[in-house]
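Here is the structure we will look at.
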Amino acid sequence: MAALSEAASTALATRRFDWIRRNPTIVIGALILGLLATLALIAPWIADDPLGFDPLERLRRPSAEFPFGTDEFGRDVYSRVVYGARISLAVGISVATIATAAGLFIGVLCGYFRKVDNVVMRVMDGLMAIPPILLAIALITLMKASLTIVIIAISIPEIPRVVRLVRSVVLQVRGLPYIEAAIASGTRTRTIMTRHILPNTLAPLIVQATYACASAILTEAGLSFLGAGTPPEIPSWGNVISLGRTYFQIAPWIIFFPGVMLAITVLAINLMGDGLRDTLDPRIARRM
Amino acid sequence: MTAYIVRRLLATIPVMIVVALFVFLLLHLTPGDPAAVIAGDDASPADIEGVRRKLGLDRPIWEQFGIYVMNLLRGDLGTSIFSNLPVMTLVKQRLEPSLVLAVSTLVVAITVAIPMGVIAAWKARTLVDRVVMGFSVLGFAVPVFLVGYLLIYVFAIELRWLPVQGYKPLSQGVWQTLRSITLPAIALGMVYTALIARITRASMLEVLSEDYIRTARAKGVATPGVLLHHALKNAAVPIVTVIGIGLTLLISGVVLTETVFNIPGLGRLTVDAILKRDYPIVQGLIILFAAVKVLVNLLIDISYTFFDPRIRY
């Protein structure tokens, strides 16, 4: 309360401050993510060439010249980590977008047209039974490895979760009287779906998308770490860690810094997701 | 009950058929000739032709799938392209480390997470609770390879308490096995612990606000009795469910953890097979992992009746 009265210079400021105070996780998560996105965007100005190597500077410890040390080719780990943020964020956002869009489409169809439902849900059950990382690896190794393929391969295992979510919302909503009223008054099916049903899926979808984004970033790093992900010449965090494996005992910083960045990124996204879930979906108790 | 189990078992059949179809189609839906994909980049036309005949890729596709499923039903997961050994034999050779790792991880995670969740719920909104919640948020974010390498660095390289990497089979003594599996199990257990602790806390909070808990307290039941006997048992269903959901995390984690700690288990088998493009192994393992997951989910559904007799099928 004391903190409140301090900030109560204007009513608006109070309300804004209050919102931040009640949703600290969204704010903290968003701030960290904003910072990471900025770093990724201005990478060319704050970091050197992530591929530029110098055989004379191999496996240097972290120092003023190389804040995160160098790897076995004498490449600056700091520059690679900064550029790696681009890959991770791109993967996270793309996967979240693709999985949500595809899942939304399939989920609405399943929820609304019961005939499609039976077949499609069996396929989704089957997809969900396969461990995501194996499914992704299998898809990637069959195609020529590229960032696009990695993104698609990580998106596919995420789709069934979105489908189930959207489908359950649609099933719940389509039994409600206002949908019945819309049908009775002759509203076109497409309008019912887009105007009356879709908006209900928005809140849970946003939350699901943040989790898909976090898990995609971890999966991409895991795949690259295994040597089955993003092509090795691209400096993604997983690739930097993967190359650092061999030299781990003498140069642990090659693994440590990208690993910590990865953890911070995922943490920030999850914090935001938790916060969004609490504000957007009041049915789930805050205490989760 | 029996009828329910039979019904559930039958329901797993379409799921497994979809998995088998998907795994089968993986090779055929990809652009290009599957035989050429398997034979590799620098294979001669004769090599490709050999692969094609060996895998039966020259037959009609529905016939291939039929043969594939019939073989699966007989427990034949195919034959490795490189070693020419049946995939089942390779799986048996590599099963022990993965099983030991998975079971120890489960044991570590459950024994740590449930007390954590119970205490956090009991002391809700105190410092203890915040620490537990903080850990569970962190546990989700820190990748298993980072935890793994940090543990190796501290406990194996700096302190020299435990071996750096590798796996000692049970035949060389249980103690050695446990020593070699401790760090991997802790690293892999992080996510799982976070997941279980979180759901335990949430489920316990729900139960602790019930009237019968107040009644139990009022009639003088001591706190441990209330927490464990009255509350935890009633909070068990969501906890058991999440342990089942987490199995996916566990399987994906096994693949990564075995690479970090150089454990020659099923995870390594999978990754090596993928890097060598030994598709029959990859296909066989995906089916195997999916089957394990489907079966565990079935067991979990059945276990509900044990924790909550009100649930009847």
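The values are calculated or read from the model by the stated rules, or taken from the named source; none is laboratory data. The structure displayed is predicted, hence computed values, not measured ones. Every residue, glycine as well, gets a Cβ built from its backbone with ideal geometry; the counts of neighbours run over all protein chains shown.
Can you report the number of residues in the stretch A:249-259 which are facing chain B (nearest Cβ under 7 Å) and modelled with pLDDT of 90 or more?
Selection size over the stretch A:249-259: 1.
How about the stretch A:200-247: which of its residues are of a type in the set (Asp, Glu) and over 18 Å from the mean Cα position of the chain (by Cα)?
Matches in the stretch A:200-247: A:233 only.
From the list B:12, B:105, B:79, which one is within 14 Å of chain A (Cβ to nearest Cβ) and either in contact (Cβ under 8 Å) with a residue 60 or more places away in the chain or among the acidic types (Asp, Glu) (or both)?
Exactly one residue qualifies, and that residue is B:12.
Out of (1) closer than 24 Å to residue B:294 by Cα; (2) within 14 Å of chain B (Cβ to nearest Cβ); (3) within 20 Å of the chain's Cα centre (by Cα), the odd one out for residue A:129 is which?
That leaves (3) as the condition not met.
Could you list, in sequence order, the residues of the stretch B:258-267 that are within 17 Å of residue B:288 (Cβ to Cβ) and within 11 Å of chain A (Cβ to nearest Cβ)?
Hits for the stretch B:258-267 are B:258, B:266, B:267.
How do the pairs read when you match residues in the stretch B:234-246 that are closer than 27 Å to residue B:216 by Cα and basic (Lys, Arg) with residues anywhere that are modelled with pLDDT of 85 or more and assigned to a loop (DSSP other than H, G, I, E, B), using Cβ under 8 Å and keeping only pairs 6 or more apart or on different chains?
No pair meets every condition.
Please find, among B:113, B:11, B:35, the residue that is part of a helix (DSSP H, G or I), under 30 Å from residue B:308 (Cβ atoms) and at pLDDT below 85.
B:11
Name the one entry in A:147, A:142 that is within 9 Å of chain B (Cβ to nearest Cβ) and within 26 Å of residue B:270 (Cβ to Cβ).
So the residue among A:147, A:142 that is within 9 Å of chain B (Cβ to nearest Cβ) and within 26 Å of residue B:270 (Cβ to Cβ) is A:142.
Take residue B:130 and tell me if it is more than 14 Å from every other protein chain (Cβ to nearest Cβ) and either assigned to a helix (DSSP H, G or I) or more than 12 Å from residue B:194 (Cα to Cα) (or both).
Judged against the criteria, residue B:130 is not a match.
Examine the stretch A:70-87 for a residue that is loosely packed, with under 15 Cβ neighbours inside 10 Å and either without any contact (Cβ under 8 Å) to a residue 12 or more places away in the chain or closer than 14 Å to residue A:253 by Cβ (or both), and state whether such a residue exists.
No, the conditions are met nowhere in the stretch A:70-87.
Out of the residues in the stretch B:277-293 that are hydrophobic (A, V, I, L, M, F, W, C) and touching a residue at least 40 places away in the same chain (Cβ under 8 Å), state the one that is farthest from residue B:255 (Cα to Cα).
Among them, the one singled out is B:291.
Considering the stretch A:194-216 alone, what residues qualify as being within 15 Å of residue A:174 (Cα to Cα) and touching a helix residue (DSSP H, G or I) at 6+ places or on another chain (Cβ under 6 Å)?
A:196, A:197, A:200, A:201
Select the helices (runs of 4 or more DSSP H) contained entirely in the stretch B:166-280, then report the ones holding at least 1 residues which are surrounded by 20 or more Cβ atoms within 10 Å (Cβ to Cβ).
B:174-208, B:236-260, B:266-275
Given the criterion more than 14 Å from chain A (Cβ to nearest Cβ), more than 30 Å from residue B:207 (Cβ to Cβ) and modelled with pLDDT of 80 or more, identify the matching residue among B:57, B:90, B:21, B:25.
Of B:57, B:90, B:21, B:25, the one residue that is more than 14 Å from chain A (Cβ to nearest Cβ), more than 30 Å from residue B:207 (Cβ to Cβ) and modelled with pLDDT of 80 or more is B:90.
Is it the case that some residue within the stretch B:153-161 is without any contact (Cβ under 8 Å) to a residue 40 or more places away in the chain, on the phi > 0 side of the Ramachandran plot and more than 10 Å from every other protein chain (Cβ to nearest Cβ)?
yes
For residue A:134, indicate whether it is at pLDDT 85 or above and either surrounded by fewer than 22 Cβ atoms within 10 Å (Cβ to Cβ) or small (Gly, Ala, Ser) (or both).
So residue A:134 does not fit the description; no.
On the basis of being among the polar types (S, T, N, Q), in contact with a helix residue (DSSP H, G or I) (Cβ under 8 Å, 6 or more places away or on another chain) and within 14 Å of chain B (Cβ to nearest Cβ), does residue A:88 make the cut?
Criteria met by residue A:88.
Name every residue in the stretch B:61-116 that is surrounded by fewer than 14 Cβ atoms within 10 Å (Cβ to Cβ), under 18 Å from the mean Cα position of the chain (by Cα) and within 30 Å of residue B:51 (Cβ to Cβ), in order of residue number.
If the condition is that a residue be surrounded by fewer than 14 Cβ atoms within 10 Å (Cβ to Cβ), under 18 Å from the mean Cα position of the chain (by Cα) and within 30 Å of residue B:51 (Cβ to Cβ), then B:92 is the only one that fits.
List, please: which pairs have Cβ atoms under 6 Å, are six or more places apart or on different chains, and start with a residue in the stretch A:141-152 that is touching a residue at least 24 places away in the same chain (Cβ under 8 Å) and end with one that is surrounded by fewer than 17 Cβ atoms within 10 Å (Cβ to Cβ) and part of a loop (DSSP other than H, G, I, E, B)?
A:145/A:231
When the stretch B:44-54 is examined, which residues are found to be touching a helix residue (DSSP H, G or I) at 6+ places or on another chain (Cβ under 7 Å) and of a type in the set (A, V, I, L, M)?
Within the stretch B:44-54, B:48, B:51 meet the criteria.
Could you pull out the residue among B:255, B:242 that is closer than 29 Å to residue B:183 by Cβ, touching a helix residue (DSSP H, G or I) at 6+ places or on another chain (Cβ under 6 Å) and at the interface with another protein chain (Cβ under 10 Å from one of its Cβ atoms)?
After applying the criteria, what remains is B:255.
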